[in-house]
C-alpha cells in the first residue's frame, strides 16, 4: 500500500522535472511548424537585375519576417546634390517633403545620433524646445530628420561641407548643438566627394548650431591637419565655475572630446592616437546666430583644455589607434566619464568631471584614467599581464 500511496507523489515529481524540458524535447515529435520558421534574408547581397532600382524600396528586402519596415527616407533634400556655393561649409538649407524618396539619393550614411523628449511623446513646447530628431552624417553632409512620428519621418534640413568626409556626429541633449568631424580622405582609394580638389588636409571639428532645425549654421571650428580627428563627443557643463572672470559669468560651458595624435608626440610617444579635450570659451549664448555678425559666426576659437594618452606599458603595442569616444554621466556616482576605445589599447575610462581652472593642454594632470578593459593576443601582456590586464584599476 505504501508504494501505491506514493504513486501520485512520484508522478507529480516526474511531471515537474519534465515540464521545463518539454520545449527541448519537442523535436522528437518531428512536428515542425511553419508559423515559427524564420526565413532569413541576407541584408548585404543586393538584388542586381534589370528591374532593380535604389529608389524602389520593395527591391531592397533588407528584413526578416519578424521585423517590419514602417518608413524610410533616402535623404533627398530638394533634388539638388549640392547647395548654392555661398552655403557650402557655412550653413545648411531647408528641405521639402515632396522630395522624400525621390531621386537622387545624395550619399551613404555612416553615423546616426538621436535625441528628443520621447517620454513626453515628442511634444513641442511653447518656447520651441522639445521634439524628437535624428542627425545623420552621410559622408559629405549631415541631415536633420523629424522622427516624432516614426511612420512618417520628415527631412528638415541638410548641412553640406565638401572639404572631407564626415565620419561621426554627436548632438547635445537639448538638441541645439551638433558636433561633426571631417577626416582626411585618400585621393585614390577613398576619393573626396564629387572629385573636389579643395581638400588640402583641412580636417577639423565643426560645431553647428541647430536651434532652428531648418537652418543649421556653423559657429566654430578647430582645424587640425594633416591627420584630423576620427570620432568625438560633446557635452554641455552647467555645474563648472571657471576662475577666469571673462568666462565665469556664463551659465553653461561647452566641451568637445576628439581623437588626435598630438598629445602622444609631445610626450615622446610613438605613432599613437589619443584624446584631446577642448573648451569653447566664448559661451553658448554669444554664439547664437541672431546675436552675431556673419563673419563672427564663420569661425570661433576652441582651446585645448586637456589631453589623455594610454601609458605604453598598458597597451598591446603596435599601432595604437583611438577609434571612438562616448561621453556619459554615471547613474550612481554622477561622475562625468569619457569612454575611449582603442585598437591595441582596449577600452579606457577617463574621468572628465572637474575641468581644471587653467588649461592642461598636454594632459599632465587632467583628465585621469580611472579604469580600463582590454585583451591582447599575447600571454605576456594585455589581458593576462600584471599591468595591462583585464579589469585593471576599475573604480567606475
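Filter the stretch 57-68 for residues that are under 25 Å from the mean Cα position of the chain (by Cα) and surrounded by 11 or more Cβ atoms within 10 Å (Cβ to Cβ); which is modelled with the highest pLDDT? The extreme case among them is 63.
In the stretch 365-381, the condition of being modelled with pLDDT under 70, over 23 Å from the mean Cα position of the chain (by Cα), surrounded by 18 or more Cβ atoms within 10 Å (Cβ to Cβ) and over 23 Å from residue 222 (Cα atoms) is met by at least one residue.
Can you tell me which residue is farthest from residue 212 (Cα to Cα) among those in the stretch 105-141 that are exposed (fewer than 14 other Cβ atoms within 10 Å of the Cβ) and modelled with pLDDT under 85? For the stretch 105-141, the residue satisfying everything is 108.
Does residue 331 meet the test of being assigned to a loop (DSSP other than H, G, I, E, B) and either touching a residue at least 60 places away in the same chain (Cβ under 8 Å) or assigned by the TED database to the domain that holds residue 181 (or both)? I'd like the intermediate steps shown before the answer.
Numbers: assigned to a loop (DSSP other than H, G, I, E, B): yes; either touching a residue at least 60 places away in the same chain (Cβ under 8 Å) or assigned by the TED database to the domain that holds residue 181 (or both): no.
No; evaluated as a whole, the condition is false for this residue.
Kindly check whether there is at least one residue in the stretch 144-159 that is in contact with a helix residue (DSSP H, G or I) (Cβ under 6 Å, 6 or more places away or on another chain), assigned by the TED database to the domain that holds residue 82 and in a loop (DSSP other than H, G, I, E, B). Within the stretch 144-159, not a single residue is in contact with a helix residue (DSSP H, G or I) (Cβ under 6 Å, 6 or more places away or on another chain), assigned by the TED database to the domain that holds residue 82 and in a loop (DSSP other than H, G, I, E, B). The lone criterion from (1) surrounded by 14 or more Cβ atoms within 10 Å (Cβ to Cβ); (2) in a loop (DSSP other than H, G, I, E, B) left unmet by residue 86 is number (1).
The values are calculated or read from the model by the stated rules, or taken from the named source; none is laboratory data. As the structure is a computational prediction, the values presented were derived from the model and not from experiment. All Cβ positions, even for glycine, are placed from backbone atoms using ideal geometry, and neighbour counts span all protein chains on display.
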